[in-house]
Amino acid sequence: MEKPMIVYKYLPPERQCFLDNLLIRFTQPSELNDPFECIPFVPEMDIRPFVEEIINREKTAVDLLGSKNEKRLFRQKVPMLRASLRQNYINDPNILANNFLDFFLKETNHKDRGIGILSLSRRWDSSLMWGHYGKSHQGFCVGFKNEHSFFNDLEGQNPDIGLLRKVHYSKVRVVATIAIGEHSEVDFDPLYTKCSDWEYEQEERLIRLLADCTQRVSRVDQPDVCLFNIPKDAIAEVIVGAKAPDDLKTKLKTFANELSIPFYKARVSRRDFDMERLEE
């Protein structure tokens, strides 16, 4: 039988509070360190179909609810409305694309309706990630069971929310298209696509709704920190960094003993540009 995969979270030493409360942050896309995070390319679009869609919706509402006078005024207004919207397009051909992108980013990062992202990795032995996310190897790494229900908890059976998924790496941006109509679906591909420069991270990504967070920490002039509780039985192992202080090593070892999970010490290979680990 295939062994369940473990996915890893690198943490700096100041995040050792996780060992006490098992709370981990799901981060808004705008707060992640990649400036292209979750931002698709929205191409220029012909405004004419959208103009007619807007006018038809207005006409339907007026026909259903409007008085004779309101219907007459609307018929008079239509040519001016059509001309005004088309002039906006002439002045700025990217007006639709920019408006859509602004709306998409605002909703994605919204305080209540937005999403949070938990970034994990399929590897524990990345010297780069130990350096970047583990505070120059002074931090620690937590391994999680990818088959645990916490990573497979579908939100309303939407496979893009609540299900651990691999990140796709690409040299080109995801191209977003805008569908006309009330029932158009949101394209989640930009949320799971990153530039190929990040491929070394081998990222697995879990997305949840911020409204479902366990704890919310408000900050002045910054987005809230939204924390979710990780079940104890979702933790598979812990690894302490090669340059971690002794007090963190002791705390991690105690934590591992309490959960009856492996505790490892990371170290620099004597021979290669590799990281090794020893179980204690």
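Assorted remarks:
- Between helix 95-108 and the chain: long-axis angle, C-alpha atoms, 0 to 90°, nearest 10: 40
- Residue-averaged 222 nm ellipticity for the chain, from DSSP H runs of 4+ at -39500 (n - 2.57), nearest 500: -9000 deg cm²/dmol
- Estimated translational D of the chain in µm²/s (Stokes, Kirkwood radius over Cα pairs; 37 °C; 0.692 mPa s): 149
- Once the Cα atoms are used to define both axes, helix 48-65 deviates from the longest principal axis of the chain by about 70 degrees.
- Fraction of beta bridges assigned by DSSP in the chain that are antiparallel (%, nearest 5): 85
- Charge dipole (Cα centre; +1 on Lys/Arg Cβ, -1 on Asp/Glu Cβ; no other charges) of the chain amounts to roughly 420 debye.
- For ARG277, distant residues with modelled amide H under 5 Å away: ARG267
- Using alpha-carbon coordinates, inclination of helix 246-259 to the longest axis of the chain, degrees: 80
Just so you know, all these numbers are worked out from the coordinates, no wet-lab data involved. Treat the numbers as computed from the prediction; the structure is a model and nothing was measured. A quick note on method: Cβ atoms are made from the backbone with ideal geometry, for glycine too, and the neighbour counts reach across all protein chains shown.
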